[in-house]
1. Of the conditions (1) part of a loop (DSSP other than H, G, I, E, B); (2) free of Cβ contacts under 8 Å to residues at least 60 places away in the same chain; (3) closer than 13 Å to Phe148 by Cα, Met1 satisfies every one except a single condition; which number is it?
2. Quick one: which of Val194, Val188, Val160 is surrounded by fewer than 15 Cβ atoms within 10 Å (Cβ to Cβ), of a type outside the set (Asp, Glu) and in contact with a helix residue (DSSP H, G or I) (Cβ under 9 Å, 6 or more places away or on another chain)?
3. Among (1) among the acidic types (Asp, Glu); (2) surrounded by fewer than 16 Cβ atoms within 10 Å (Cβ to Cβ); (3) out of contact with any Leu (no Cβ under 7 Å at 6 or more places or on another chain), there is one condition Glu86 misses while meeting the rest; what is its number?
4. Considering only the range 84-96, how many residues are more than 15 Å from Ala41 (Cβ to Cβ) and within 9 Å of the ligand (Cβ to nearest atom)?
5. Given the options His136, His153, name the one that is at pLDDT 95 or above and in contact with an Asp or Glu (Cβ under 6 Å, 6 or more places away or on another chain).
6. Picking from Ser117, Ser144, Ser127, which residue would you name as being farther than 25 Å from Arg66 by Cβ and within 16 Å of the ligand (Cβ to nearest atom)?
7. Give the residue that is farthest from the ligand (Cβ to nearest atom), with candidates limited to residues of the range 158-181 that are part of a loop (DSSP other than H, G, I, E, B), closer than 30 Å to Ser137 by Cβ and touching a Lys or Arg at 6+ places or on another chain (Cβ under 9 Å).
8. If you go through the range 111-157 one residue at a time, how many are more than 19 Å from His46 (Cβ to Cβ), small (Gly, Ala, Ser) and in a strand (DSSP E or B)?
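The values are calculated or read from the model by the stated rules, or taken from the named source; none is laboratory data. Owing to the predicted nature of the structure, the values given are computational and were not obtained by experimental measurement. Positions of Cβ are generated from backbone atoms using ideal geometry, with glycine treated the same way; all protein chains shown enter the neighbour counts.
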Amino acid sequence: MRVDYSPDSMPTGAFYRLLTAVVVPRPIAWISTLAPDGETANLAPHSFFTVACTAPPVVQFTSVGRKDSLRNVEETGEFVVNFAPEPLFAEINATATDFPRDQGEFEVVGIEREPSSRVRPPRVAASPVALECTLHSTLRLGDSTVVFGRVVHAAVREDVLMDGRPDIGRLRPLSRLGGNEWGTVGEVRELARVPYRDRTRD
Ligand SMILES: Cc1cc2nc3c(=O)[nH]c(=O)nc-3n(C[C@H](O)[C@H](O)[C@H](O)COP(=O)(O)O)c2cc1C
């Protein structure tokens, strides 16, 4: 037995809650941007986030509605995806408050920043990975806007690398689940993909 849901016969919010409860876990992009005044540094988590293209490297996040992060990206053409690690749980959530645009979350919440290498928005100093992006394009979809960012630089803290590669046990990513739920990494399993030529018939 299955329960059926039709988006056409449900309130938007109810279907949104269903979608975000089943499209899980979602990685969290902690997006930093700079207002056009060049001063106010904005920071907000976005879990509608993924890799959009590998060559060139492009990532994407979605703004549901028109928020400060989106406006800043549109007006300045730059943003940074800061990795959202477990130890910064409370800080990340604190930057999801709907502060007025002239109140930068770095200042209000008390997040230490550091300069980026290739773009003007600052990086979160305590975050182990920063993907510095220039705006590639945006796509308006109904009430949302998908932002595509070309990754022009990646800065990874040395202590999260193992044998030269980012290690999941050291990164400790947070994820977004349904409602107000957050996830942490559980058991990690490795399994190599099987090339077609190696498949055996028995
Ligand atoms: C874990 C988490 C994930 C979120 N993901 C998104 C998202 O993908 N898109 C979005 O528009 N808002 C998302 N939000 C809400 C924004 O972070 C929130 O609206 C924030 O105030 C936007 O800030 P801004 O106006 O400074 O851009 C999320 C909130 C949390 C706590």
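1. (3)
2. Just a single option satisfies the conditions, and that option is Val188.
3. Failing condition for Glu86: (3).
4. 4
5. Result of the check over His136, His153: His153.
6. Ser127
7. Gly178
8. 1
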